[in-house]
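One structure below.
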Amino acid sequence: MKRIVLILGILILPIIGCGLLTDECEIVGIIFESVVQDSEFDDSYLWSYNPTDTFDTDISFKLTTDYESEAWFGRTFSAILFRPNMCFATSKGLDFKNNLDLSTCKLYVDRSFQYDNNEIIANTDLFKQEFISKEILFTEFDYDYPAYVISFSDIFYEKVEFQEEYYNFYFSCSTSDNLQLSDTIKVYLSIKN
């Protein structure tokens, strides 16, 4: 009987222990990338967006976070149980101490462009332009870490006119503990109406 209890304890303790461990993380940066959606895949998956340095049909950005982990046994700790021809595994998700404060997001373009016959001057926050901000689509992905795709509606492309050249897009936001984060990317725009 003692042997059975000991064997069950050895098999069950890692599962219980895994549930008690925390993988505490803290957002320390953002990764802002220009991406294009792969038409072979459903756009509900973040991995269906591939990096690009040229936009010729639409503009999309992938925003993910860079974070540090303070986990016991490291991020990859898991308990694995073996039985003949079977394997069971458990692992702990991420628990963030801070979050992105989406109300602080800013998106700038370093060059002027035309929108609905109005000039949008360089370095204007597009999230603050009422007639543009309502055409910005902010899609959140359900992952262990914060992940988003920022894109624009079809109405935006009907009204916008960019010169065919390189543009720098600058994105910034804050975390819930007031850490200021930013990133800049350079892309070539050749979008035709």
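The values are calculated or read from the model by the stated rules, or taken from the named source; none is laboratory data. Keep in mind the model is a prediction, meaning the values are calculated, not measured. Methodologically, a virtual Cβ is constructed for each residue, glycine included, from the backbone with ideal geometry; neighbour enumeration extends over all protein chains shown.
Among the residues making up segment 137-160, those that are in contact (Cβ under 8 Å) with a residue 40 or more places away in the chain and either under 18 Å from residue 66 (Cβ atoms) or of a type in the set (D, E, K, R) (or both) are 141, 143, 144, 145, 146, 147, 148, 149, 150, 159. Taken over segment 140-188, the criterion of being β-branched (Val, Ile, Thr), in contact with a strand residue (DSSP E or B) (Cβ under 6 Å, 6 or more places away or on another chain) and exposed (fewer than 15 other Cβ atoms within 10 Å of the Cβ) is satisfied by 184 alone. Exactly one residue out of 153, 60 is modelled with pLDDT of 90 or more, within 15 Å of the chain's Cα centre (by Cα) and of a type in the set (S, T, N, Q), and it is 60. On the basis of being buried (at least 18 other Cβ atoms within 10 Å of the Cβ) and either out of contact with any Cys (no Cβ under 6 Å at 6 or more places or on another chain) or farther than 24 Å from residue 29 by Cβ (or both), does residue 126 make the cut? Considered against the rule, which asks whether it is buried (at least 18 other Cβ atoms within 10 Å of the Cβ) and either out of contact with any Cys (no Cβ under 6 Å at 6 or more places or on another chain) or farther than 24 Å from residue 29 by Cβ (or both), residue 126 comes out as yes. When segment 64-114 is limited to residues that are assigned to a loop (DSSP other than H, G, I, E, B) and at pLDDT 85 or above, the one that is farthest from residue 162 (Cα to Cα) turns out to be 97. Looking across segment 161-174, the residues that are among the acidic types (Asp, Glu) and in contact (Cβ under 8 Å) with a residue 40 or more places away in the chain come down to 161, 165. For segment 53-63, which positions are in a strand (DSSP E or B) and crowded, with 18+ Cβ neighbours inside 10 Å? Within segment 53-63, 55, 60, 61, 62, 63 qualify. Just one of (1) modelled with pLDDT of 65 or more; (2) over 25 Å from residue 188 (Cα atoms) trips up residue 41, so point out which. Here residue 41 meets the rest and fails (2). Of a type outside the set (S, T, N, Q), surrounded by fewer than 17 Cβ atoms within 10 Å (Cβ to Cβ), more than 27 Å from the chain's Cα centre (by Cα) and more than 30 Å from residue 24 (Cβ to Cβ): is that true of residue 116 in this structure? For residue 116, the condition - of a type outside the set (S, T, N, Q), surrounded by fewer than 17 Cβ atoms within 10 Å (Cβ to Cβ), more than 27 Å from the chain's Cα centre (by Cα) and more than 30 Å from residue 24 (Cβ to Cβ) - is met.
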